[in-house]
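**Student:** First, the structure itself, so that you have it in front of you.
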Amino acid sequence: MQLENTQVVGDVIKRLRRAEGQLAGVIRMLEAGRDCEDVVTQLAAVSRALDKAGFAIIATGLEQCITAGENGNNTLDRAKLEKLFLSLA
């Protein structure tokens, strides 16, 4: 399934680019020998950003599936959606 909501896709891309920058910062911190607590704090921020991006994608996909189901095109694959949710847990 391809995501049709271009606003959500744009927001997810922005979030992922921000996470990409944060991850580069974590790498620089490690290379510079920064304090472990600071590194872990930034790494946790990257992880949360990735999780939020994943949940936004899944929620949008679920919304599209429900809308398609209401229009008589039942493409909702419960097992596939459950697997996606669990992959982020």
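The values are calculated or read from the model by the stated rules, or taken from the named source; none is laboratory data. Since the model is a prediction, treat every value here as computed from it, not as a measurement. Reconstructed Cβ throughout: ideal geometry from the backbone, glycine too, with neighbour counts over all protein chains shown. Protein only, heavy atoms only, side chains kept; ligands, DNA and RNA dropped before computing areas. Shrake-Rupley method; radii C 1.70, N 1.55, O 1.52, S 1.80 Å.
**Student:** Please list 47-54, 14-21, 79-86 highest first by mean number of surrounding beta-carbon atoms within 10 Å per residue.
**Tutor:** Per-residue mean Cβ counts within 10 Å order the peptides as 47-54, 14-21, 79-86.
**Student:** Enter the accessible area of Ile57 (Å², nearest 10), with the probe set to 1.4 Å and all protein chains included.
**Tutor:** 70 Å²
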